[in-house]
Every structure is written in C-alpha cells, then in structure tokens.
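Heads up: the structure comes next, in structure tokens.
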Amino acid sequence: MNGGTRVADSAMYGHLWGTAEARAILGEEGRLAGWLEVLAALARAQAAAGLIPASAAALITEHARPELIDVGYAAEQTRLASHSMLGLIRALQAALPSEAGEYVYVGATVQDITDTATALALRGIGALAWRDLRRIEELLLGLAARHRSTVMAGRTHGQAGSPVTFGWKAASWADEIRRHLDRLAQGAPRWLVGQLGGGTGSLVYYGELGLQVRATFCAELGLAEPGISWLSSRDRIAEAGQVLALVCGTLARIGGEVYELQRPEIGELAEPAAAGTVGSITMPHKRNPEASEHLDTLARLARANAAVLAEGVAAQHERDGRGWKAEWVALPEVCLLTSTALDTAIRLLSGLEVHPAAMARNLERDGGYSVSERALAALAPRLGKHRAQAELGTALAGGAGSGVTAERALMESGLFAPDEAAELTARPDTGACEQMTDLVIARAQAARAAERPTWP
C-alpha cells in the first residue's frame, strides 16, 4: 500500500490538505523539475559569459529532465555525501555525456539552487492563488449585489445588534479578498527573484563577471535580479507565507460565519450538500457544515507554519541553515493548505444557500430591540449622549424583561411620544449598508477591469 506517514499524503485524506495542482508544483517530481530547471539556467548563463563551453550548457539543458534522473541513485548519494544537493548533482552527471559532467553546478551553493527554485514554485502557487481569489471575489460580489437589501441581524460579541444587510456582509468579505489580491500583486516583485551568490553571497567565484552571470541567470528563468544576495535575508519567504496565511484567515472568517448561521436555531445560511454527502454516521438528520469547519482547521495549520517562516528571519551571518531548511517543510505546507482552502471556499460559495425569510424572522424575534442604536441617536440631542444611553438602557432592559415590544418600552418610558416610538420601530434601519455595498462592488469591478487575469 502506497502513502506516506503524514495524513496529508494519504490516498484517503490527502485531498483535505492540498490540491492536485499545488502538489504538482511542490511534490517530489515538481521540486526535482524546478531544481533541474535552475541548474540548466545556471549553465546557460555561465556559457553566455564564456565560463563553460556552450556545448556543455546545451547538453546540461537537454538532460536536466526529471525522467532522465535516477531518483533512487540521487537519494543514495545524498545520504552518502550528507550534502543536500550533491546527490542530485551526481545523478545529473550520471545522465550526461562525460564531457559535460564537470560543468554542472559550477560556482554555486545549495541555496542558490533551492532559493531560486522556491521563487519558481511561488510563481506557480501565486498564479493559482490569484486565479482562485479572483473567482472567490466574483462569487462574493454576486452575493453582495443580489442581497444588497436583504436585511438581517447584525451581531456583535455573538449577540444581535443593529440590523445590517447580507449583501453588506458579503461585500465586507469581498473587500478583504481584494486586499489579498493587492498583496499578491505588490509581493510579486519582492518574491519572484533569483539567488546566485556562491558560498557567502559575494560572487567571488566569478570575479568581475559575477553580476553579469547573475543577471543572465535570472533572465533565463524570468525572475527579477535581486540586487544583493539574500542567503540570510529570509523576509521574502516569510512575507509570502504570511500573506497566504492571511488568505486562509479570511476564508476561515467566511467559513466561521456560515458555520454559525447554519445552526438550526438560526438557519440563515447553509452549505451546499452534494449528492452522497453524509452529515453524521450516527445521527442521519444532521447536515454538518464540513467545508466551513475545515476552513478554520486549514487556517490554524497555515498560521502555525507561517510562524515557522517568520522565525527564519532572524538568521545569522551570511548563511544559516537552521531557518532556511525549516522553510523546506513549512513553506510547502502553507502553500498546500492555502490551495485547499481556496478550493474549498470556491465550492462553498458557489452553492451557498441564503435564507432571507430566516434572516427577517430572526430580526423580528427580538421584539424590535435592535432599534436601540437608532433610538440613542434620536434621544442624544435632547438629553446628551451619556444620559440618553443610561435612560434608554434602563427602559429597554425593563421592557425586555417584562416581555413587551421595543415600541411599547420606548413609549412607556416617557422618552418618546407614541408616534416617535412607532416611527423608530416601523422598519429596520440598516444605515449606510447599501451604499457601502455599492462602493465595494464599484471599486472591485474597476480593479478587475484594470488588472491582468493572471499573476504576476
């Protein structure tokens, strides 16, 4: 039976922790392809500077393909040499004609290869995240527009407060997603850079040709030139991880709302239920919010791994393997978790059930007491804000305790005339929710029209 010891690699459960697209980039074959691509680009850059024969660079490029590498031999040589790159180098040399073998991995250090390959992987992961975030934004904008005027209870500290609209809530989610898209766009020039410095980052191996070789090397891969070696500057990787963890956090916020509002006693939202879905193995009547719940789980794990990346920023001297090698584990985890969170959110939002009748019923159930903020605004000019707050608090608490409506409590308190109390409680007042929703939709539509559909 195949499958690793990590549940994330399980044939049964792997889909919960990473998508196939992300695994193709970050898995063994994808990682090997990335490292080989970097080695080939290095050879071409060196040949362009006259440091190695052009024929050798051509042969390295031709043979730097995963299907030509004996991975078992590479693994054996890695353990034998106790060096994280030498096993691959020897396996590539074994695949090459003898005249090209000595020109593999010249003047570079392990981190030159792995950091540059990481930038290539981030380019692929970022493209997936950009695509999926734009799809999520599109879905949320649709919800915001359709439910612009769908009134529901606003809730603070888990308790009902002044009314809002569901469209306004969805617009808040969309606005947050737009900021993540901005972060991805802003991060690309910082994250998608090559690394070539040699042992300490000084490029001393190449003499006066160092900067030229590095510039050509980066250009071969379509990456930006870093300006200065970043062997011990790990802020790029940490920042990318934090942005992805933030994305997961936002998706968990959306999932948390669905999780809470799907509760039967609230019933305002519900996850889509695919055919064959089993809510509970022991309680067949249940319809569990599995996707919403899982978004929170994924966000917790993403934050934990992003914290490991942040630890790596405190690196020592010109190169420090402690934090850098921790990235080999933590960064792919953040990327995989984010890929699943995005996919899960798309499926959740694509079929999200919205129940306006339940929203209206829940708002009416409290007897109109959600009017308190509006009543305070009406009373404050007469009594002063703080006195009005105290007297309204007493009146409304007494009314709720005796089971009368807010309209009657306001009237019997003597704070409002009967017609004033009736007008205040005649309909829910959602303030500027609809106008704010319109602003978010307009800004997002303008941004989408101006930006490229692909990243970077």
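Just so it is clear, none of the values below were taken in a lab; they were calculated from the coordinates. These numbers were taken from a predicted model, which means no experiment stands behind them. Cβ placement follows ideal geometry from the backbone for every residue including glycine, while neighbour counts extend to all protein chains displayed.
Stokes-Einstein at 20 °C, 1.002 mPa s, Kirkwood radius from Cα pairs: D for the stretch 331-454 in µm² s⁻¹? Can you show the working numbers first?
On the way: Rh = 18.5 Å.
Translational diffusion coefficient: 116 µm²/s.
When the Kirkwood radius is taken over all Cα pairs of the stretch 33-113, what Stokes-Einstein diffusion coefficient follows at 37 °C and 0.692 mPa s, in µm²/s?
264
Hey, got the Cα dimensions of the stretch 200-256 along the principal axes, in Å, largest first?
Here the spans come out as 57, 23, 12 Å, largest first.
How far apart, in nanometres, would the label points at Arg179 and Ala326 be if each is projected 7 angstrom from Cα along the Cα-to-Cβ direction?
In this crude label model, Arg179 to Ala326 measures out at 2.7 nm.
In terms of modelled amide H atoms, which long-range or inter-chain residues lie less than 5 Å from the amide H of Tyr105?
Residues meeting the criterion, in which the H sits 1.01 Å from N, do not exist here.
For the chain, divide the Cα radius of gyration by the Kirkwood radius and give the resulting Rg/Rh value with two decimals.
Value, to two decimals: 1.13.
Give me the extension gain from Glu76 to Gln186: residue separation times 0.36 nm, minus the current Cα-Cα distance, reported in nm with one decimal. Please report the intermediate quantities before stating the final value.
Working: separation 110, 0.36 × 110 = 39.60 nm, distance 4.15 nm.
Here the answer is 35.5 nm.
I need the calculated FRET efficiency for the pair Glu208 and Ala24, taking r as the beta carbon distance and R₀ as 45 Å, to the nearest 0.05. Present the calculation step by step, with values, prior to reporting the outcome.
Details: r = 41 Å, r/R0 = 0.90.
The calculated FRET efficiency here is 0.65.
Distance in nm between label sites at Ser350 and Ala390, each 7 Å beyond Cα in the beta-carbon direction?
According to this spin-label approximation, the distance is 5.8 nm.
Could you give the length gained on full extension between Leu383 and Asp9, defined as 0.36 nm per residue of separation minus the Cα-Cα distance, in nm? Could you put the intermediate results ahead of the total?
Working: separation 374, 0.36 × 374 = 134.64 nm, distance 6.55 nm.
Answer, rounded to one decimal: 128.1 nm.
Find out how many positive minus negative residues lie around Leu96, taking Lys and Arg as positive, Asp and Glu as negative, among other residues whose Cβ is under 11 Å from that of Leu96. Display every interim value, and only then the final one.
Numbers: positive: Arg90; negative: Glu62, Glu99, Glu102.
Value of the local net charge: -2.
Would you please report the Å³ per residue occupied by the convex hull of the alpha carbon atoms in the stretch 111-224?
Dividing the Cα hull volume of the stretch 111-224 by its residues yields 128 Å³.
Check Ala224: other-chain or 5+ apart residues with amide H under 5 Å from its amide H, H built from backbone geometry?
Amide H to amide H, under 5 Å and 5 or more residues apart or across chains, Ala224 pairs with Val193, Gly194.
Just add up the charged neighbours of Pro418: K/R +1, D/E -1, any other residue whose Cβ is under 13 Å from the Cβ of Pro418.
Working: positive: Arg408; negative: Glu407, Glu412, Asp419, Glu420, Glu423.
Spelling it out: positives minus negatives among the neighbours equals -4.
Please report the orientation-averaged projected area of the stretch 161-293, defined via the convex hull of its C-alpha atoms, in nm².
Working: hull surface 54.8 nm².
Computing the convex hull of the Cα atoms and averaging its projections yields 13.7 nm².
Spin-label point model (7 Å from Cα, Cβ direction): what's the Glu373 to Glu102 distance in nm?
7.7
Provide the gained length on full extension for the span Asp419 to Ala432, in nm with one decimal, where the gain is 0.36 nm per separating residue minus the Cα-Cα distance. Please report the intermediate quantities before stating the final value.
On the way: separation 13, 0.36 × 13 = 4.68 nm, distance 2.43 nm.
Once the chain is fully extended between Asp419 and Ala432, it gains 2.2 nm.
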